[in-house]
Amino acid sequence: MHAERFGGLERYTNAANAVLARDFNLLGVRKQLEPKMDWLHGPVEWTHVLSRFGYWGDLGRAYWGTGDRAYAADFVFMLKDWVEANPVPDTVSNLRGEDGSVWRTLETGIRGQSWFDQLEFFMDAPEFDAEAKFILTRSLVEHANYLMAHTTRYRPGNWQVCESAGLATIGIMLPEFKAAADWRRTGLDMLYQHIERDVEPDGFHGELTPGYHRWVMLQFLQTARLCELNGVPLEDFRARHEQMFEVFLKLRRPNGTYPPVGDAGRGETGISEVMALGALLYDRPDFRYFADTKCQESWVWLFGPDVCGRIGGGVELPPEFTSVLLPDSQYAVMRSGWGAQDKYLFFDCAPWRGGHSHQDRLQVSVFAGRDLIVDAGQISYDQPLSRNLRLSAQHSVVIVDEGEQLQGDPKLLSWHTDAQADFASGLVETNELKHQRSVLFVKPNYWVVVDHVSGPAKHEVTRLFQFAPGKVNADRHSASTTFPNGMNIRVQSVDNARLELRRGMVGGPFNDVVENSVAAFVSRGKLPMTLCTVLLPFERAQELPEVKPLKPLTPGEARLELVFPNGQRDEIAIAAEPVAMSLDGQKTTAQALCLRNGPVATTVIKVAGGIQKTN
């Protein structure tokens, strides 16, 4: 079955041969090591990943596929060498740096899980003899005791999830040890605390980055599956775990990826496999609608060889919603539909959640046929520029007097969605300054972004919009991408800001950075300021509208008009809070009002303000 569906285990020989040759490519950095390796080789993250031993899986699969005992012999050699060269520390330490230890608790937890997977490949190999099995078992006991010394209280974050999963795994897999029950109980209790306390009610893991969310979600799944297979009772966390899968459904971009918010990598990881796992576990038609129907090898190891027969079939239905708010995480997604060519905007109103958060408060990113307005993403932490990608300069945010944006957790003020429009508004404030950003999606065409900045004295206020890498043209008030085929975007200021076309950086494909263009709209003067920008995705430039400012009727109101070549005329007013508004005789109290007249739509769109109940 493996050969028929996955090409057989022999295909791992190239990767395994690279391990035999000590030719390692980790985190995008390739290094040639000596046969007897320097386990504290450096740099920091590269060293730690080396001691996660993911490459032992390549050796094991190559051994299974070929029977070549050289792979088993090298596994045993590295095992003995690592254990001898890296005795367990007397005290728990997560000291970073080349003079640190390979016993960082994160890697200790990872090994506590992965070593059991990897040793199964070699269980019957002559090289993996009684002595080698004794060394590995003794080291796993040391791993468990080391983790127990560290697991004295709940600590939020993905590290303790991995530590606890490793501790529970050792306790499950080595039940003959007297301490195994304590290891198992402590690890599982901590995992249960994490899914109850560190996963938001809307399902998002507490660090609010999709990449780490996915990692933690799979840690819960793997540990629960191990308990099931070994008859270990486990408190039911299926409802919250199912919500974690829903997060990916709600974040899903038209190309099947998630937005690279925070330390989420480059966001290129597809979520179709995640949706397939969700469909297998929870039999959800909306998960199945976006699921990968091709059976994955990893599913066989997790669920058994019959899993491939369970992938196809079943009801497939698109989600009942389009645009959606994750109310606890405070991420809002505005989309025109679920098709590959639909338009999508991600609005980030999330709180700061520690070291994996970026200076991206109230940022927007846009996808329509391709990335247009982008998040910088992240690369390996070893790379010198990785910290630069966290800064405000690499995000589509507002900064005051240059430097970093206003610090403080955003407050979500408004959320509205219906068939005609979406609206979201969030606020960041310090002791003196306030920045409120409101986004109106006039479906299915364009977005209006209004920034209210208030406080004392004069300041320089800069709106940044990060373009996807590629050539950008600019005039006095707007900047546009120039991709030769498919979708582009024009970003246009509806005020007297000075446009500067700056250079930025986004995460590249090989843990490097790639230059991009940044539209910086600079306004200087006395606060308060009300600044307005229109984001116009387009396929043909001749279809773009003329955008004109209109005189505000109340202080702090942004008013504009868009006149399209086909005769469509849209008038829009947006305020910081619900006020009395009037457009062409239409009077109401609202936070946003849009009057559309023409061949595309003739309608009045009203957003009253406040937070609409969401799914």
Worksheet item: Scanning segment 62-99 for residues that are out of contact with any Ser or Thr (no Cβ under 9 Å at 6 or more places or on another chain) and among the charged types (D, E, K, R), which turns out farthest from Leu147 (Cα to Cα)?
Response: Arg69
Practice prompt. Please find, among Leu95, Leu40, Leu50, Leu79, the residue that is buried (at least 20 other Cβ atoms within 10 Å of the Cβ) and under 31 Å from the mean Cα position of the chain (by Cα).
Written response: Leu50
Response to the item:
Filtering segment 566-588 for residues that are in contact (Cβ under 8 Å) with a residue 24 or more places away in the chain and part of a loop (DSSP other than H, G, I, E, B) leaves a count of 3
Worksheet item: Does segment 122-138 contain at least one residue that is of a type in the set (A, V, I, L, M, F, W, C) and either modelled with pLDDT under 95 or closer than 21 Å to His194 by Cβ (or both)?
Response: no
Discussion item. I'd like the full set of residues that are without any contact (Cβ under 8 Å) to a residue 40 or more places away in the chain and not in a helix (DSSP H, G or I), limited to segment 77-90.
Written reply: Pro87, Asp90
Discussion item. Name the single residue that is nearest to the chain's Cα centre (by Cα) among those in segment 20-37 being within 22 Å of Asp382 (Cα to Cα), touching a residue at least 12 places away in the same chain (Cβ under 8 Å) and surrounded by 13 or more Cβ atoms within 10 Å (Cβ to Cβ).
Written reply: Leu27
Discussion item. Which numbered condition in (1) assigned to a helix (DSSP H, G or I); (2) within 30 Å of Glu246 (Cβ to Cβ) is the only one that Pro156 fails?
Written reply: (1)
Fill in: Selection within segment 320-352 - out of contact with any strand residue (DSSP E or B) (no Cβ under 7 Å at 6 or more places or on another chain) and part of a loop (DSSP other than H, G, I, E, B)
Glu320, Phe321, Pro327, Asp328, Ser329, Gly337, Trp338, Gly339, Ala340, Gln341, Pro351, Trp352
Practice prompt. Might you let me know whether segment 497-510 holds any residue that is farther than 30 Å from Glu268 by Cα, touching a residue at least 12 places away in the same chain (Cβ under 8 Å) and part of a strand (DSSP E or B)?
Written response: yes
Worksheet item: When segment 224-241 is examined, which residues are found to be touching a helix residue (DSSP H, G or I) at 6+ places or on another chain (Cβ under 8 Å) and either touching a residue at least 24 places away in the same chain (Cβ under 8 Å) or closer than 17 Å to Arg197 by Cβ (or both)?
Response: Arg225, Leu226, Cys227, Asn230, Val232, Leu234, Glu235, Phe237, Arg238, Arg240, His241
Worksheet item: Looking only at segment 351-381, which residues are touching a helix residue (DSSP H, G or I) at 6+ places or on another chain (Cβ under 8 Å) and either among the aliphatic types (A, V, I, L, M) or without any contact (Cβ under 8 Å) to a residue 60 or more places away in the chain (or both)?
Response: Gln359, Ala376, Ile379
Item to complete: Show the residue pairs that are 6+ apart or on different chains and have beta-carbon atoms under 8 Å apart, the first residue being within segment 398-412 and at negative phi, the second being outside any strand (DSSP E or B) and among the hydroxyl-bearing types (Ser, Thr, Tyr).
Response: Ile399/Ser392; Glu404/Ser392; Gln405/Ser392; Leu406/Thr430; Gln407/Thr430
Response to the item:
So, first residue without any contact (Cβ under 8 Å) to a residue 24 or more places away in the chain in segment 328-349, second residue of a type in the set (Val, Ile, Thr) and in a strand (DSSP E or B), Cβ within less than 9 Å, six or more apart or across chains; the pairs are none
Practice prompt. Give me a count of the residues in segment 140-171 that are of a type in the set (Phe, Trp, Tyr) and more than 17 Å from Ser51 (Cβ to Cβ).
Written response: 1
Discussion item. Here are the criteria: (1) over 22 Å from Phe303 (Cα atoms); (2) among the polar types (S, T, N, Q); (3) modelled with pLDDT of 95 or more. Tell me which single one Ser93 does not satisfy.
Written reply: (3)
Worksheet item: So, of the residues in segment 309-325 that are at pLDDT 85 or above and either of a type in the set (D, E, K, R) or touching a helix residue (DSSP H, G or I) at 6+ places or on another chain (Cβ under 6 Å) (or both), which turns out to be surrounded by the fewest Cβ atoms within 10 Å (Cβ to Cβ)?
Response: Glu320
Worksheet item: So which residues in segment 589-602 are surrounded by 14 or more Cβ atoms within 10 Å (Cβ to Cβ), not basic (Lys, Arg) and not in a loop (DSSP other than H, G, I, E, B)?
Response: Ala590, Gln591, Ala592, Leu593, Cys594, Leu595, Asn597
Discussion item. Residues to consider are Asp584, Asp512; find the one that is under 24 Å from Phe367 (Cα atoms), surrounded by fewer than 20 Cβ atoms within 10 Å (Cβ to Cβ), charged (D, E, K, R) and modelled with pLDDT under 95.
Written reply: Asp512
Practice prompt. Being buried (at least 19 other Cβ atoms within 10 Å of the Cβ) and outside any helix (DSSP H, G or I) is the filter here, so list the residues in segment 53-76 that pass it.
Written response: Phe53, Tyr55
Response to the item:
Of the residues in segment 434-492, those that are touching a Pro at 6+ places or on another chain (Cβ under 7 Å), surrounded by fewer than 19 Cβ atoms within 10 Å (Cβ to Cβ) and not in a loop (DSSP other than H, G, I, E, B) number 1
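The values are calculated or read from the model by the stated rules, or taken from the named source; none is laboratory data. Since we're looking at a predicted model, the values are computed, not measured. Note: ideal-geometry Cβ built from the backbone for every residue, glycine included; neighbour counts use all protein chains shown.
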